[in-house]
Amino acid sequence: MTQASPADDGWIDEHHEGVRYGLAGRVLVDEQSRFQRITVIDSERYGKGLLLDGCWMTAEHQERHYHEALVHPALCGAAAIERVLVIGGGDGGTARECLRHAGLRHLDMVEIDGRVVELSQEHLSTIGGDCWSDPRFHLTVGDGIAWTSEAADDSYDVVIVDGSDPAGPAEGLFNRAFFQQCRRILRPGGVFATQSESPEAFRQVHLDLVRMLRELFDHADPLYGWVPMYPSGWWSWSFAAQGEPRYRQTNPERAAAIADGCTIWSPRWQLGAFAAMPAFIERELRA
Ligand code: SPD
């Protein structure tokens, strides 16, 4: 599917189905961890960035497109936000955005690859910001799937999955059994959120994921935006809830407290992003 190519010609590319998505820059670290190949680069346009198994994950001057879209619909919509679980998210960007919400009291983050955390802390410190030392933040280096199945019923107000593409260590984050566990551990009024790939470059994965969430939860909806360095640049995040689609509402106090510090997210942006479902996806989901 995707191939790694930190090249020596001044370009670092993700290769995906006959297209290259690249940045001009240089490679700072390129190593194999127990789980995956980790590459850290310094790019001309977006600052330092991270690839896992040759796929773009994040970059300093672009990460807000992704992290704000994943976090704030869930954290502004859930009935309560005291206890939050993040699966993956080793660069710290998702945790950082969650911790901007003053009502959050306890954040568990379970990242499978401790090297991703270490290299992010060393090279991408603006992405995690102060999350690493926030007393509400609790990092476990371990298997997020096992963590979820061992967690008690009704133990989190929000569950967020910030994994990579469905191959390698993140594969198990895209299946029915895992989503059922996420539903089980959510408290009433809770919201589930996950990155849900590109409607263009990963069309089938995207459709399968949204269909599965709609089968398992009373409500599930994708939201569409962009992450310029990802395949096609066009990306999605999906949200699910029992009872009512709380992720479509925004608690006015929570929204007001974070909106000025956001680059992409706002209540208005969120409204449009949920509405921006492309016609071909709408037809497929109806069928
Ligand atoms: N194809 C890229 C999917 C990446 C999703 N996770 C990004 C990690 C940012 N915290």
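The set of residues in the range 157-184 that are away from the ligand (no atom under 13 Å from the Cβ), over 20 Å from E68 (Cα atoms) and crowded, with 22+ Cβ neighbours inside 10 Å comprises F179, C182.
Take the residues in the range 203-214 that are over 16 Å from A279 (Cβ atoms) and either open to solvent by less than 10 Å² (accessible area, probe 1.4 Å) or among the charged types (D, E, K, R) (or both); name whichever of them is nearest to the chain's Cα centre (by Cα).
Here the residue is L209.
W265 meets each of the listed conditions (1) open to solvent by less than 60 Å² (accessible area, probe 1.4 Å); (2) more than 18 Å from the chain's Cα centre (by Cα); (3) over 27 Å from H15 (Cα atoms) apart from (2). Give me the residue from the range 60-70 that is within 11 Å of the ligand (Cβ to nearest atom) and touching an Asp or Glu at 6+ places or on another chain (Cβ under 7 Å) and, out of that set, nearest to R96 (Cα to Cα). Here the answer is H67.
Taken as a whole, the range 245-254 holds at least one residue that is in contact with a His (Cβ under 9 Å, 6 or more places away or on another chain) and assigned to a loop (DSSP other than H, G, I, E, B).
Does the range 110-123 contain at least one residue that is open to solvent by 10 Å² or more (accessible area, probe 1.4 Å), within 22 Å of A257 (Cα to Cα) and modelled with pLDDT of 95 or more?
At the first step, the residues of the range 110-123 found to be open to solvent by 10 Å² or more (accessible area, probe 1.4 Å) are 111-112, 114-115, 118, 121-123.
Restricting the remaining residues to those that are within 22 Å of A257 (Cα to Cα) gives none.
Checking the range 110-123: not a single residue is open to solvent by 10 Å² or more (accessible area, probe 1.4 Å), within 22 Å of A257 (Cα to Cα) and modelled with pLDDT of 95 or more.
Somewhere in the range 4-19, is a residue at pLDDT below 95 and among the polar types (S, T, N, Q)? Yes; the residues of the range 4-19 include at least one that is at pLDDT below 95 and among the polar types (S, T, N, Q). Close Cβ contacts (under 7 Å, 6 or more residues apart or on different chains) running from residues in the range 48-72 that are more than 13 Å from D91 (Cβ to Cβ) and of a type in the set (A, V, I, L, M, F, W, C) to residues that are open to solvent by 10 Å² or more (accessible area, probe 1.4 Å) and near the ligand (Cβ under 9 Å from one of its atoms) comprise C55/T2; C55/S164; C55/D165. Look at the range 222-249: where a residue is at pLDDT 95 or above and a partner is charged (D, E, K, R) and within 16 Å of the ligand (Cβ to nearest atom), sitting 6+ places away or on another chain with Cβ atoms under 7 Å, you get P231/E14; S232/E200; W234/E200; S236/E197.
Taking the range 91-125 as the range and being within 14 Å of the ligand (Cβ to nearest atom), within 21 Å of Q62 (Cβ to Cβ) and charged (D, E, K, R) as the test, the residues that pass are D91, R96, E97, E111.
What is the residue count in the range 185-202 for residues that are open to solvent by 60 Å² or more (accessible area, probe 1.4 Å) and either free of Cβ contacts under 8 Å to residues at least 40 places away in the same chain or within 11 Å of the ligand (Cβ to nearest atom) (or both)?
Residues that pass the stated criteria total 1.
I need the full set of residues from the range 95-106 which are open to solvent by less than 10 Å² (accessible area, probe 1.4 Å) and out of contact with any Gly (no Cβ under 8 Å at 6 or more places or on another chain), in order please. Result: E97, C98, H101, L104. Can you confirm whether the range 216-229 contains a residue that is within 15 Å of the ligand (Cβ to nearest atom), in contact with a Leu (Cβ under 7 Å, 6 or more places away or on another chain) and in a strand (DSSP E or B)? Scanning the range 216-229 turns up no residue that is within 15 Å of the ligand (Cβ to nearest atom), in contact with a Leu (Cβ under 7 Å, 6 or more places away or on another chain) and in a strand (DSSP E or B).
Taking the conditions (1) in contact with a strand residue (DSSP E or B) (Cβ under 8 Å, 6 or more places away or on another chain); (2) assigned to a loop (DSSP other than H, G, I, E, B); (3) open to solvent by less than 10 Å² (accessible area, probe 1.4 Å) in turn, A79 satisfies each one other than (3).
Has the range 42-59 got any residue that is buried (at least 24 other Cβ atoms within 10 Å of the Cβ), within 13 Å of the ligand (Cβ to nearest atom) and over 20 Å from Q121 (Cβ atoms)? Don't jump to the end; show me each part of the working.
From the range 42-59, those buried (at least 24 other Cβ atoms within 10 Å of the Cβ) are 49-52, 55-59; that's our starting set.
If we keep only those that are within 13 Å of the ligand (Cβ to nearest atom) too, we end up with 49-52, 55-59.
Next, only the ones that are over 20 Å from Q121 (Cβ atoms) stay: 55.
Yes, the range 42-59 contains a residue that is buried (at least 24 other Cβ atoms within 10 Å of the Cβ), within 13 Å of the ligand (Cβ to nearest atom) and over 20 Å from Q121 (Cβ atoms).
Residues in the range 230-261 that are within 16 Å of the ligand (Cβ to nearest atom) and of a type outside the set (F, W, Y): P231, S232, G233, S236, S238.
The values are calculated or read from the model by the stated rules, or taken from the named source; none is laboratory data. What you are looking at is a predicted structure, and each value in this text was computed from that prediction instead of being measured. So basically every Cβ, Gly included, is an ideal-geometry build from the backbone, and we count neighbours across all protein chains shown. Note: accessible area is taken over every heavy atom of the protein model, side chains too, but ligands, DNA and RNA are not part of it. Shrake-Rupley method; radii C 1.70, N 1.55, O 1.52, S 1.80 Å.
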